[in-house]
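Just so it is clear, none of the values below were taken in a lab; they were calculated from the coordinates. Because the structure is predicted, anything quoted here is derived from the model rather than measured. Cβ: placed from backbone, ideal geometry, glycine included. Neighbour counts: every protein chain shown.
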Amino acid sequence: MSYPPKLNAIIALFSDLPDAEKRETLIAYADQARSQEPKEGETFDLEDIRKDEECTDTVAVFLRLDEQGGAHFRVTLGPQVQTLTKAMSSILCKGLDGITPEEVLAIPADFVPKIVGAELVRLRSQTVYYLLTRMKGVAKVWLNRRRSEAAEGEDSPA
């Protein structure tokens, strides 16, 4: 599977790092999590704000589609969210930026161990996949709504 170019660049960066440097780089990405939050005045096509059992605090995933159909995610994390989730929010917002919702759904999760390392995947399996699962869920809801609206439009008399 080829990954979107931005995500592929992040995977390549992490693939060559020893585990200690992977952890340092993950912390650097976690420190950038706030820059992935919605900006003042931004509007979104879909907002998913909730606290799930597998997460320590509320996570909000926002999706905006541009005129070409490219998806742009923003994420707001509660103060108790773990460092690894913060790092994944930055990685995914940057790595998935501009691809279509269909492409988001098609991305396999097999890249995650390449980024976080096998040990962290084993220790934090729910955490490392949580945001990717949420983003895929938002993309799927948006696609389902679009299909529903298109079907309703076909049923409307001209």
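Around P79, under 15 Å between beta carbons, what's the net of Lys plus Arg minus Asp minus Glu among the other residues?
Net of charged neighbours comes to 0.
Between D19 and A150, what is 0.36 nm times their sequence separation minus the Cα-Cα distance? Round to one decimal in nm.
42.4 nm
When the Karplus curve 6.51 cos²θ - 1.76 cosθ + 1.60 is applied with θ = phi - 60°, which whole-Hz ³J(HN,Hα) does each residue of the range 7-15 get, with x for Gly and Pro?
5, 4, 5, 5, 4, 4, 4, 6, 4
Rg and Dmax in Å for the range 77-119, alpha carbons only: what are they?
11.9, 31
Show that you can apply the helix-only estimate: for the chain, add -39,500 (n - 2.57) for every DSSP H stretch of four or more residues, divide by all residues, and state [θ] at 222 nm to the nearest 500.
-17000 deg cm²/dmol
Hey, what angle do you get for helix 19-31 against the long axis of the chain, alpha-carbon based, 0 to 90 degrees rounded to 10?
50 degrees
Taking the chain as the reference, fit the longest principal axis to its C-alpha atoms, fit the long axis of helix 125-155 to the helix C-alpha atoms, and give the angle between the two in degrees, 0 to 90, nearest 10.
The helix 125-155 is inclined about 10 degrees to the chain.
Radius of gyration and Dmax for the chain's Cα atoms, expressed in Å?
Radius of gyration, then largest Cα-Cα span, for the chain: 16.5, 63 Å.
Return the subset of K114/K140; K39/K114; K86/K114; K51/K140; K22/K136; K22/K140 for which the Cα-Cα distance in this structure is over 22 Å, preserving the input order.
K114/K140; K39/K114; K22/K136; K22/K140
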